[in-house]
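The values are calculated or read from the model by the stated rules, or taken from the named source; none is laboratory data. The shown structure was predicted, so the numbers you read here are calculated from the model rather than taken from an experiment. A quick note on method: Cβ atoms are made from the backbone with ideal geometry, for glycine too, and the neighbour counts reach across all protein chains shown. Accessible surface areas use protein heavy atoms only, side chains included; no ligands, DNA or RNA. Shrake-Rupley method; radii C 1.70, N 1.55, O 1.52, S 1.80 Å.
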Amino acid sequence: MTGLISTHSAAQATTDQPQPLSYSCQYTKTPPTVDGRLNDPAWQSAAWTSDFVDIEGPAKDKPRYRTRMKMLWDDNYLYIAAELQEPEVKATLTKHDSVIFKDNDFELFLKPLPETQSYYEFEINALNTGWDLFLNKPYREGGKADNSWDIEGLKTAVAVNGTLNNPNDKDVGWTVEIAIPLTAFQPRQDVPHPTLGTIWRVNFSRVEWKAGQPKEDNWVWTPQGLINMHVPDRWGYLRFTR
């Protein structure tokens, strides 16, 4: 969840904060078709991450539903695929740059220049509605969200394994494909194209609302140790490999 409208405060970190995870992102000569279905041959060579855990860490309850993702890259795009188990797939927001985490969503956080304070965020729901924003620094350091940044050339797709917005049946879940052009950051920063060995900071999150529960669940790839995604020093490492 972005801190822009979040009701969460930055809670105290757990004392046994685990080390950030890392992911080896394979180069692909054959890019996947962005249709949300994850059945392209290119994806077969990409490893799944471990299942997402609670944002505060593994000491908290295991998420009710599995979430995992994988990545690829080529000379033009960074590709992200995500699989979200969900017995009732639903979404309501259809306007670009809506506050997507008011729906169940999938979120990614990218810091392609790890030595800087700034980073990028993208959220998407099961209706394939997205919200992209740039932050000059974390909110708790006085950062401001820049909603005017749009990912030029972005490709996204969602596939629902079940029926969207139908509470009368049981769904399997939904899958997401995202292709972010490597040139997308240029309106805000000069980000060199990755090469073999390049390292970015990155994390992924899932917001899940449960009926009768006033606050959302936040499930993440690498735990933050507190209920705040906007602490980039606790994100994982994205390593570009071939």
Largest first, what is the accessible-area ranking of VAL158, VAL172 with a 1.4 Å probe?
VAL172, VAL158
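What relative contact order, as a whole-number percentage, does the chain give when Cα pairs under 8 Å and 6 or more residues apart are counted?
Contact order relative to length: 30 percent.
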Whenever you get a sec, line up LEU38, LEU196, LEU133 from highest to lowest accessible area (probe 1.4 Å, protein heavy atoms).
LEU196, LEU38, LEU133
Distance-filtered residues of the stretch 216-242 - backbone nitrogen under 20 Å, label point 7 angstrom along ASN161 Cα→Cβ:
219-221
Evaluated at 4 °C and 1.567 mPa s, the Stokes-Einstein D of the chain based on the Kirkwood radius over Cα pairs, in µm²/s, stands at 72 µm²/s
At a 1.4 Å probe radius, which order do ASP233, ASP40 fall into by accessible area, largest first?
ASP233, ASP40
What share of Cα pairs, in percent, lie more than 24 angstrom apart in the stretch 27-132?
33 percent
Do any GluC sites (Glu not before Pro) in the stretch 141-188 lie in a DSSP loop with no more than 15 other beta carbon atoms within 10 Å, and if so, which?
GLU152
Given pairs LYS70/LYS144; LYS29/LYS95; LYS62/LYS102 and cut-off 24 Å on Cα-Cα distance, the over-length ones are LYS70/LYS144; LYS29/LYS95
Check cross-link reach from LYS210 to the aspartates and glutamates: straight Cα distance under 12 Å, and skip same-chain residues fewer than eight apart.
GLU86, GLU88, ASP103
Can you give me the Cα centroid spacing of the stretch 95-139 and the stretch 164-234 in angstrom?
7 Å
Long-range tail of P(r) for the stretch 133-242 (Cα pairs > 24 Å, %):
43 percent
Using the eigenvalues of the Cα gyration tensor, what equivalent ellipsoid semi-axes result for the stretch 192-235 when each is taken as the square root of five times the eigenvalue, whole Å, largest first?
30, 11, 7
Given Cα pairs under 8 Å that are at least 6 residues apart, what percent is the relative contact order of the stretch 144-242?
22 percent
DSSP beta bridges in the chain: the antiparallel percent, rounded to 5, is 90 percent
